Amino acid sequence: MSKPFVETDKKVVIANWKMKPGSLTQAKKIFSATTSFMRSVRGVEVGVAPPFPFIQKLSSMYSGTTLSLGAQDLFWEKTGSYTGEVSASQIKSVGGRFAIVGHSERRALGETSKTVSKKIKTTLKEELVPILCVGETKRDSSGDYLSFLRKEIQASLENISSEELKNIVIAYEPIWAIGKSASFSMDKEELHATVIFIRKVLTSVYDRDSAKEVKILYGGSVEPSNAKDLYNGMVDGFLVGHASLVPKDFEKIVKAAP
Ligand code: PGA
């Protein structure tokens, strides 16, 4: 089976359900509404990252090719005495095909770029696609956020080769824009400038061609009302939080692709 997101020119929209919804019954309801609108979607690959306990059931409910299930995090070891942790191979064995790594809400709980790079490595080894999240806490007029972003990208990709980079998706999520509403999201000009900056950082670590090929998504209050416009920021798609739990809204975001 080919890898999701990285082996296609299609746009990519990933649903990050976070620690919601509260039960499997509710999760199934949201998921079936999502898979049913997927029948009329062209040119976009969708990922859904529910909480771990729901992955297996939801993956058994879908047999199409344009939607993949994945995890919101994982541990870097393959197996062992690590109470509470979940490995890449376990995620794969229940139908998961990608994993979000380094989300700012994980970083806020102690995740470091060092552990993020280990998690990326293990994700790649199991042939899952890592969705690496990066993003600054705040913007400042002196541009300190740019050096923060550069360091975060470099450290998260430590020990990752240019060959491996091809199988990674980057989600740029400015922390100040997460979990609010469309009016708080980034504007398209700023987003475009940031996407160019991220590709420059990747060029300096790898090379121009590798940097050009990486898919860069945007996340942070993507809603039906701003999705179309945000594509003008030259992103390859979105990582969507709250709006992904409302199938009607998520459908509009998925269908906003140019
Ligand atoms: P949001 O979350 O869409 O609710 O801002 C995005 C994310 O945290 O991935």
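Structure data summary
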{"read-out": "Built amide H within the under 5 Å cut-off of Val222, gap 5+", "value": "Gly241"}
{"read-out": "Too-long pairs where the Cα-Cα distance tops 28 Å, listed order kept, from Lys18/Lys92; Lys119/Lys188; Lys28/Lys212; Lys18/Lys121; Lys3/Lys78", "value": "Lys119/Lys188; Lys28/Lys212"}
{"read-out": "Distant-in-sequence amide H partners of Gly95 (H built 1.01 Å from N, under 5 Å)", "value": "none"}
{"read-out": "Whole-Å distance, taken between Cα centres, linking the stretch 153-229 and the stretch 51-78", "value": "23"}
{"read-out": "Sum of side-chain charges, Glu126 neighbourhood, beta-carbon under 15 Å (Lys, Arg +1; Asp, Glu -1)", "value": "+3"}
{"read-out": "GNM result for the chain, Cα springs below 10 Å: residue of Ser181, Ser81, Ser113 fluctuating most strongly", "value": "Ser81"}
{"read-out": "Dipole-positive endmost among Val86, Gly70, Pro21 within the stretch 1-109 (Cβ charges, Cα centre)", "value": "Pro21"}
{"read-out": "GNM top mover of Gly96, Gly80, Gly64 - the chain, alpha-carbon springs below 10 Å", "value": "Gly80"}
{"read-out": "Share of alpha-carbon pairs per 5 Å distance bin for the stretch 138-258, given as whole %", "value": "2, 11, 21, 23, 18, 13, 9, 2, 0"}
{"read-out": "The chain: calculated mean residue ellipticity at 222 nm from DSSP helix runs of at least 4, using -39500 (n - 2.57)", "value": "-11000 deg cm²/dmol"}
{"read-out": "Straight-distance crosslink candidates among lysines, where the alpha carbon sits under 16 Å from Lys252 and sequence neighbours closer than 8 are dropped", "value": "Lys11, Lys228"}
{"read-out": "Distant-in-sequence amide H partners of Glu45 (H built 1.01 Å from N, under 5 Å)", "value": "Lys11, Val12, Val13"}
{"read-out": "Point-charge dipole on Cβ atoms (K/R +1, D/E -1) for the chain, about Cα centre, debye to 20", "value": "620"}
{"read-out": "The stretch 1-81 - charge dipole about Cα centre, Lys and Arg +1 at Cβ, Asp and Glu -1, debye rounded to 20", "value": "320"}
{"read-out": "Percentage, to the nearest whole number, of Cα pairs in the chain over 35 Å apart", "value": "8"}
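Laboratory data are not the source of any read-out in this text; all were calculated from the coordinates shown. Since this is a predicted model, take the numbers as computed values, not measurements. So basically every Cβ, Gly included, is an ideal-geometry build from the backbone, and we count neighbours across all protein chains shown.
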